[in-house]
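Presented below is the structure to which this report refers.
The values are calculated or read from the model by the stated rules, or taken from the named source; none is laboratory data. Since the structure is predicted, the reported quantities are computational estimates derived from the model, not experimental observations. Glycine also receives a Cβ, built like all others from the backbone with ideal geometry; neighbour counts cover every protein chain displayed. Heads up: the accessible areas ignore ligands, DNA and RNA and are worked out on the full protein's heavy atoms, side chains in. Shrake-Rupley method; radii C 1.70, N 1.55, O 1.52, S 1.80 Å.
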Amino acid sequence: MERIDLLVTGIGRLVSPPGNVPRCGQQMKQVDVITEAAVAIREGRIVAFGAARDVMSLLASVEIVEIIDVGGRMVTPGLVDPHTHLVHGGSREHELALKRSGVSYLDILAQGGGILNTVQSTHAASEQELYDKAHRSLNEMLLNGVTTVEAKSGYGLTLEDELKQLRVAKHLNDTNPVEIVSTFMGAHAVPPAYKGRTEEYVDLIVNDMIPMVAEEELAEFCDVFCEQGVFTIEQTRRILLKGLEYGLLPKIHADEIEPLGGAELAGEIGAISAEHLLAATDKGFAAMAEQGVIPVLLPGTSFNLGLTKHARARDMIDAFELPVAIATDYNPGSCPTESIQLVMMLASLNLKMTPEEILTACTINAANALGRGQHIGSIAVGKRADLTIFDAPNLAYLPYHFGINHTFGVIKNGKVIVWDRTIMPKESGKEEGAR
Ligand SMILES: N=CN[C@@H](CCC(=O)O)C(=O)O
Ligand SMILES: [Zn+2]
């Protein structure tokens with residue numbers, strides 16, 4: 001070894017799931033813990049890690065450019081948030097009273113509110129305004145310890161406005177240290193102009209939107225809100241298969257409210273992930289397990305919608321041996337929070353997941369839900385040096401001491417970008433700012 005760019009020392013506990021592939025069933029509980037550890041980084045990648053004395057003896061005659069001491073804190077892989085609606089205009093706090101008076105999420109949508117309200121605000125916003133708002137949220141996520149974020153479109157619902165949202169996401173990725181992974185979700189709702197003509201809107205998605213998104217290389221994934229009164233199973237299949245033809249891997253907002261068979265469809269077409277799944281059936285879980293579909297669970301959403309029903313994480317893990325991931329679902333309607341740590345607490349409280357399962361769910365399994373398991377999501381030689389430093393003595397402390405942000409620092413691609421809870425000025429090598 002000739003040179004180390006950054007040596008991270010003073011790690012009280014280094015905690016990570018092992019390997020690159022999704023961790024299924026009981027594997028989710030098995031995480032590696034190294035006490036008094038160190039991590040050596042060169043050119044943005046991990047080149048050595050382990051007990052500090054072993055790493056130091058390995059580096060005895062190696063030039064070390066920079067050493068940081070994290071003061072006995074806990075270090076994990078950088079957290080991955082695999083389901084967000086990051087880029088949008090406006091907010092929907094006016095819906096709070098309606099929801100509290102018992103009007104359902106789907107009823108608000110059917111009355112032209114909900115997602116359609118945010119569609120209007122997104123149309124009205126300039127790219128710069130969308131960028132600025134999403135950038136503030138992205139910084140909140142970073143300060144929470146997140147180093148990779150998925151961002152869906154779906155508040156445009158016209159060719160032009162879907163492209164606008166996706167271009168903003170691309171620009172955010174180009175100008176910030178956090179990696180943004182884009183998903184095209186033109187099938188998030190039926191726009192008012194197509195009311196009663198959903199099939200014609202699906203034609204627009206498959207004939208115009210998907211080819212253009214692919215041509216401009218604006219997304220890696222395609223997602224559909226497959227739900228009663230939104231898009232049917234047949235329409236979802238048609239959209240996702242067309243996406244696949246254009247190289248967009250399928251994801252599904254599946255069986256969130258009604259058990260339409262979205263989980264079964266995810267298995268049938270080999271989707272990379274199926275998300276929400278509160279109403280999914282055993283048959284759906286079995287289909288997902290057979291095809292290696294990752295369930296992305298969103299406990300912040302069921303919590304914020306005031307539901308008593310939650311996704312059946314225990315059955316998915318214990319009975320179906322699925323590789324559960326969790327995400328914020330950050331969006332202006334059903335889950336207006338950027339806090340992955342709040343969601344980790346809710347995964348403990350309402351999904352009954354253990355602290356080890358929760359870490360696996362928001363690192364290696366989340367990374368695989370974004371097709372990035374080879375590069376991020378665990379601490380391993382050769383992987384990107386994405387690390388989160390927590391002011392916490394152990395994993396269980398994170399969901400236990402709730403409602404505060406435990407992140408002390410964040411390292412992304414081998415660069416310290418958050419230290420002492422503060423974002424460092426322009427360390428990423430990418431350019432900060434907007435068009
Ligand atoms: N369920 C559909 N879509 C989003 C909510 C979007 C919104 O309400 O604005 C979700 O994943 O929860
Ligand atoms: Zn969503």
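On the stretch given as region 259-279, residues that are within 18 Å of His310 (Cβ to Cβ) and either more than 14 Å from ligand 1 (Cβ to nearest atom) or modelled with pLDDT under 95 (or both) total 2.
Residues are listed down the side, and each one gets a yes or a no for (1) assigned by TED's automatic domain parsing to the domain that holds Thr354; (2) surrounded by 13 or more Cβ atoms within 10 Å (Cβ to Cβ); (3) modelled with pLDDT under 95:
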residue: Ser16; (1), (2), (3): no, yes, no
residue: Gly19; (1), (2), (3): no, yes, no
residue: Asp32; (1), (2), (3): no, yes, no
residue: Glu36; (1), (2), (3): no, yes, no
residue: Val47; (1), (2), (3): no, yes, no
residue: Ala52; (1), (2), (3): no, yes, no
residue: Ser57; (1), (2), (3): no, no, no
residue: Ala60; (1), (2), (3): no, no, yes
residue: Asp69; (1), (2), (3): no, no, no
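Only one entry of Ser348, Ser334 meets the criterion of being away from ligand 2 (no atom under 16 Å from the Cβ) and small (Gly, Ala, Ser), and that entry is Ser348.
Looking across region 124-144, the residues that are part of a helix (DSSP H, G or I), open to solvent by less than 20 Å² (accessible area, probe 1.4 Å) and closer than 16 Å to Thr337 by Cβ come down to Ala134, Ser137, Leu138, Met141, Leu142. Of all the criteria given as (1) without any contact (Cβ under 8 Å) to a residue 40 or more places away in the chain; (2) closer than 21 Å to Gln341 by Cα; (3) part of a loop (DSSP other than H, G, I, E, B), the one not satisfied by Gly72 is (1). A Cβ distance below 8 Å, combined with a sequence gap of six or more or placement on separate chains, defines the contacts here; from region 325-341, residues that are away from ligand 1 (no atom under 13 Å from the Cβ) reach residues that are among the charged types (D, E, K, R) and outside any loop (DSSP other than H, G, I, E, B) in the pairs Glu338/Glu140; Ser339/Glu140; Ile340/Asp81. Assess whether Ile376 counts as being at pLDDT 95 or above, in contact with a strand residue (DSSP E or B) (Cβ under 7 Å, 6 or more places away or on another chain) and assigned to a loop (DSSP other than H, G, I, E, B). Answer is yes for this residue. In the set (1) at pLDDT 95 or above; (2) within 23 Å of the chain's Cα centre (by Cα), Tyr105 fails one condition alone, (1). Just one residue in the set Gly292, Gly270 is farther than 30 Å from Gly89 by Cβ, in contact with a helix residue (DSSP H, G or I) (Cβ under 7 Å, 6 or more places away or on another chain) and either of a type in the set (D, E, K, R) or open to solvent by 10 Å² or more (accessible area, probe 1.4 Å) (or both); that residue is Gly270. Taking each residue of region 393-420 that is farther than 29 Å from Asp5 by Cα and looking for partners that are among the aromatic types (Phe, Trp, Tyr) with beta-carbon atoms closer than 9 Å, six or more apart or interchain, yields Tyr397/Phe390; Leu398/Phe390. Residues that are open to solvent by 30 Å² or more (accessible area, probe 1.4 Å), assigned to a helix (DSSP H, G or I) and under 22 Å from Ile108 (Cα atoms): does region 340-350 have at least one? Looking for residues that are open to solvent by 30 Å² or more (accessible area, probe 1.4 Å), assigned to a helix (DSSP H, G or I) and under 22 Å from Ile108 (Cα atoms), one finds none in region 340-350, hence no.
Taking Leu109 as the residue in question, decide whether it is surrounded by 20 or more Cβ atoms within 10 Å (Cβ to Cβ), on the phi < 0 side of the Ramachandran plot and among the hydrophobic types (A, V, I, L, M, F, W, C). Judged against the criteria, Leu109 is a match.
Here Pro250 passes the criteria (1) more than 14 Å from ligand 1 (Cβ to nearest atom); (2) open to solvent by 10 Å² or more (accessible area, probe 1.4 Å) except the one numbered (2).
Given the criterion assigned by TED's automatic domain parsing to the domain that holds Thr363, within 11 Å of ligand 1 (Cβ to nearest atom), in a loop (DSSP other than H, G, I, E, B) and polar (S, T, N, Q), identify the matching residue among Ser91, Ser121.
Working: Ser121 fails: in a loop (DSSP other than H, G, I, E, B).
From the options Ser91, Ser121, the qualifying one is Ser91.
Screening Ala366 with (1) touching a strand residue (DSSP E or B) at 6+ places or on another chain (Cβ under 7 Å); (2) in a loop (DSSP other than H, G, I, E, B) gives one miss only, at (2).
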